[in-house]
Amino acid sequence: MGLVLVSGWSCADFLEETDKSNFTLENYFTRPEHATSVVNTIYAGLPPIMASGFGGGPWMMLEFATGLADTELGQAQNSLFVRSLINNSDNGYGQTYWTTYYRGIQNANLAIEKIPDIQMDQAAKNRLLGEARFLRAYYYYHLVRIFGEIPLITGVIDLASPEMYPSPSPVESVYDLIVEDLTSAETSGLPFREGTGRVSMGAVKSMLSSVYLTMAGYPLQKGSQYYQLSAAKAKEVIDSGQFSLFPRYTDLNTVSLKNQGEFIFMIQYAAFIQPNTVQQAILPYNRGISQYNAETGGIFANADFVRSFETGDKRTEEKQFFFTEYTLRADRSQVLQLGDYYIWKHFDEEAQLVTTSSGMNWPVYRYAEVLLTYAEALNEANGPSQAAYDAVNLIRRRAELPDLEGLSQDQLRQAIWKERWHELCYENKTWFDMVRLRKAMNVFTGDFEDYVGHQFSYGPTVTSRELLFPIPTAEVRNNTNLRQNPGY
């Protein structure tokens, strides 16, 4: 399974034993500092997925699977295999997701099992357990959507545990645990908004609204009741008054605004300590526009997708969501036309121009998604309503587009989907939407068509096997109880 008991502990300051080589699970979990330390290790599973370089980056797997991303990085075979729909179980991106997230789950299991017995302030204990349950739910929510039936491990295991080679669990069982963890986290006393980057109540409810939305769709197809649950949970976030849309798109990539405004939960970075390496990936390949030596051309926007935005959509204006030109490193008075649409919404200009070390966070949940989830769920449950229009129109007004009104349920449904495709592009959201809806947007017509059978604008056609990614080869080889997904 590639499981590790605990990685990245920072416990030297907390322990006073003379022989630190004798740490065990039994003698470690004795102090409040230990509880904080083990929860910190769960967060450590978030950044590795975003690591980017000349080999691409695991997070790109979910973008190239949409058919809406391109690359100039010829040596990034993992990216090219996914983009061309010839992916296989040897893909290192999938292995990184599997190993990293199961390590995070194991650390969460350890925290959930051991923290209750530590003598400490009860409110602080509850908050830490809430964080641990949110993060375990987060990792399982990604794994079950990416790989389908997966092992469901809720206790601490070691090399002698019979669970070392677990069988996969039904998808619904995984979702049941996700919901259980998140509803438990709702009772943990977390602050609704958290400026430090730790889990907040807003993050818990935002993810729960997303989970219910997914459960309403494929593969579980729980329908109207779960759309109602999704809408209700999103409304709790909206009604809290703790979050609001940034007035400008450029606020999305203003480093000083991380964890503020519409950002509900983010993967945390710190320049020169744990820098964001996505910066190199979103640069054009070796065009000399950045202070970074590594301009990898790892990922940029499919031009046909950018052209699918409505005429006048502010998001397509230069240096809003995308950029098509930039000054040269050798002479900043010279502007280079880049020839393609590169991703501006994640672009840290200070790092690119000066420091070559970025502290820009990666958005996981932002308020724009909550509004779109609310609008979609409400429309699916009850049909068009003023509340649904109000939510989606907040997104459109920032884009300087006219309000939606007077639409049928299906017309509003597709309008909301389109807003999700456009607003949340290149944030690891769109492929998940495609799979839960079994729909994909035709970038030439703007219509939504069946995901299976959908042809990417550059040629490949989606088959049913692309509803899931392959379980990594090493996992199937080492654990004969696992079953490879169909078609791989």
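Things to note:
- 3 or more residues surrounded by fewer than 23 Cβ atoms within 10 Å (Cβ to Cβ): qualifying helices (runs of 4 or more DSSP H) within the stretch 58-140: 77-83, 92-114
- Taking the criterion of being among the β-branched types (Val, Ile, Thr) and under 25 Å from HIS422 (Cα atoms), the residues of the stretch 297-355 that qualify are ILE299, VAL306, THR311, THR316, THR324, ILE343.
- Some residue of the stretch 252-266 being closer than 24 Å to TRP59 by Cα, without any contact (Cβ under 8 Å) to a residue 60 or more places away in the chain and in a loop (DSSP other than H, G, I, E, B): yes
- Pair list, Cβ under 9 Å, 6 or more apart: the stretch 474-488 residue among the aromatic types (Phe, Trp, Tyr), other residue not in a helix (DSSP H, G or I): TYR488/ASN87; TYR488/ASN88; TYR488/SER89; TYR488/LEU468; TYR488/PHE469; TYR488/PRO470; TYR488/ILE471
- Scan the stretch 325-348 for residues that are buried (at least 18 other Cβ atoms within 10 Å of the Cβ) and either at positive phi or not in a loop (DSSP other than H, G, I, E, B) (or both) and the total you get is 4.
- In the stretch 118-164, the residues that are at pLDDT below 95 and over 20 Å from LEU177 (Cα atoms): ASP158, LEU159, ALA160, SER161, PRO162
- Checking each residue in the stretch 201-248 for being touching a residue at least 24 places away in the same chain (Cβ under 8 Å), closer than 23 Å to ARG145 by Cα and hydroxyl-bearing (Ser, Thr, Tyr) picks out SER206, SER209, SER210, TYR212, THR214, TYR218, SER224, TYR227, SER230.
Listed here are the residues, each with its yes/no results for (1) touching a helix residue (DSSP H, G or I) at 6+ places or on another chain (Cβ under 6 Å); (2) free of Cβ contacts under 8 Å to residues at least 24 places away in the same chain; (3) surrounded by 20 or more Cβ atoms within 10 Å (Cβ to Cβ).
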position: ARG397; (1), (2), (3): no, yes, no
position: GLU400; (1), (2), (3): yes, no, no
position: ASP403; (1), (2), (3): yes, yes, no
position: GLY406; (1), (2), (3): no, yes, no
position: LEU412; (1), (2), (3): yes, no, yes
position: TRP417; (1), (2), (3): no, no, no
position: GLU423; (1), (2), (3): yes, no, yes
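- Close contacts from the stretch 314-331, counting a first residue that is closer than 23 Å to VAL354 by Cβ and touching a residue at least 12 places away in the same chain (Cβ under 8 Å) and a second that is small (Gly, Ala, Ser) and assigned to a strand (DSSP E or B), with Cβ to Cβ under 6 Å and a gap of 6+ residues or different chains, come to PHE322/ALA301.
- Output for the stretch 284-337, where each listed residue is out of contact with any Lys or Arg (no Cβ under 8 Å at 6 or more places or on another chain), within 16 Å of ASP70 (Cβ to Cβ) and acidic (Asp, Glu): ASP304
- Counting the residues of the stretch 250-296 that are in contact with a helix residue (DSSP H, G or I) (Cβ under 8 Å, 6 or more places away or on another chain) and within 25 Å of SER457 (Cβ to Cβ) gives 4.
- In the stretch 217-249, the residues that are touching a helix residue (DSSP H, G or I) at 6+ places or on another chain (Cβ under 6 Å) and of a type in the set (Val, Ile, Thr): VAL237
- Qualifying residue in the stretch 302-311 (condition: touching a strand residue (DSSP E or B) at 6+ places or on another chain (Cβ under 9 Å), surrounded by fewer than 19 Cβ atoms within 10 Å (Cβ to Cβ) and assigned to a strand (DSSP E or B)): no
- In the condition set (1) farther than 28 Å from THR327 by Cβ; (2) outside the structural domain of TYR342 (by TED's automatic domain parsing), ILE273 is compliant with all but (2).
The values are calculated or read from the model by the stated rules, or taken from the named source; none is laboratory data. All values derive from a computational prediction rather than experimental measurement. Cβ sites come from the backbone with ideal geometry, for glycine too, and all protein chains shown count toward neighbours.
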